[in-house]
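Values in this text are rule-based calculations from the coordinates and carry no lab data. All figures in this text were calculated on a predicted structure; none of them were measured in a lab. For neighbour counting, all protein chains shown are included, and Cβ atoms are generated from backbone atoms with ideal geometry for every residue, glycine included.
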Amino acid sequence: MSATETIVRTATNVIATELTTETLLALAGREIGAIHVKGYYPVAIAAEVAQKAIDHPALGHYHKQYTSSVGRVYMPHIDTKWDPELTAKYHDAALPAIADVRSMFHPYLAPVDKVRLDLQELWPAGANLLRLRGRACFVGAFRVFQPSTSEFYPHNDAIDQETDAPEIEGVLNQLVANIYLQVPERGGDLHLWLREPTAAETEIILDVEGLDPKSVEEPVHVIHPEAGDLIIFSPRMLHAVTPGQGTHRVGAAAFIASKGPAEPLVFWS
Ligand SMILES: O=C(O)CCC(=O)C(=O)O
Ligand SMILES: [Fe+2]
């Protein structure tokens, strides 16, 4: 086993139920495993916009082997693939895409906008939209899981694997906020392992975007989100989404980077 394989950072298995300065600091510092706020967003608005996301003309797919059946509305940063043209395309589309997502919730506040404002107010140094090489990022992607066929295999997400822009220097932790708009009654569970992947697992994840679930131990947490819930966790640690039955599973997601309490959090998708 290499040295890196023995240093696998973990979090405690506590799940906080309120979004406060204290729970955010504890989550960013890996003192707790997640923040799960039930009823964060009104379900009636969520249901209406979930259908708009399913029918959206910009609904596309991830490009890796195991995630290709999961739809997403607007290009996420992971699809820039270190390619200057794709990176330019991503940034060109960022602000119009944010505006379109916001308009889908009109006249209500979009859930990712609500998270952005809450974290701006709660985090000691505030929170901003991420800019990379000075260019604004998109935030607020919808993830659309088809009934039965879509799932995320165990994986992690880390912005430093997607860009070497100077703005990400000093990032200590990455979080992800998911607000669930529609969830099937059965399945569509979020699995959390509360540990980072080993070096060998990371190699597989970078290659095919997920591990064979049979190759990993049982998760520490199996969470069945309800529509309207907010869950924030560190996607640098292994996590997965199981297939759902009957209806689409639709969430709005924002990645969040932390450089510690003295620096603003930053958002992107
Ligand atoms: O949809 C979810 O519950 C989590 C999806 C995921 O992999 C992420 O937010 O990084
Ligand atoms: Fe993820």
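May I ask what percent, to the nearest 5, of DSSP beta bridges between residues of the chain are antiparallel? If you can, show how the numbers build up before the last one.
Working: 45 of 50 bridges.
Percent antiparallel among DSSP bridges in the chain is about 90.
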Looking at T149, I168, Y40, which one has the Cα that reaches farthest to the positive end of the dipole of the chain (charges on Cβ: Lys, Arg +1; Asp, Glu -1)?
Y40
Using Cβ counts within 10 Å as a stand-in for footprinting exposure, how do K114, K214, K38 rank, fewest first?
K214, K38, K114
Over 28 Å (Cα to Cα) among K114/K214; K89/K114; K52/K114; K114/K259 -> K114/K214
222 nm [θ] for the chain, helices only, -39500 (n - 2.57) per DSSP H run of 4+, per residue, to 500?
-7500 deg cm²/dmol
Aspartates and glutamates near K81 by alpha-carbon distance under 18 Å, same-chain residues fewer than 8 away left out - which ones?
D92, D157, D160, E162, D164, E167, E203, D207, E209
Relative exposure of M75, M237, judged by other C-beta atoms within 10 Å (fewest first):
M75, M237
With +1 on each Lys and Arg Cβ and -1 on each Asp and Glu Cβ, how big is the dipole of segment 208-269 about its Cα centre, in debye rounded to the nearest 20?
140 debye
Share of Cα-Cα pairs in segment 35-268 lying beyond 23 Å, as whole percent:
46 percent
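Taking R0 as 45 Å, what's the FRET efficiency between D164 and T17 from their Cβ-Cβ distance, rounded to 0.05?
Between D164 and T17 the formula returns 0.75.
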So, by mean Cβ neighbours within 10 angstrom, what's the order for 80-89, 181-190, 102-111 with the highest one leading?
181-190, 102-111, 80-89
Just how large is the dipole of segment 35-268 about the Cα centre, in debye to the nearest 20, putting +1 at every Lys and Arg Cβ and -1 at every Asp and Glu Cβ?
540 debye
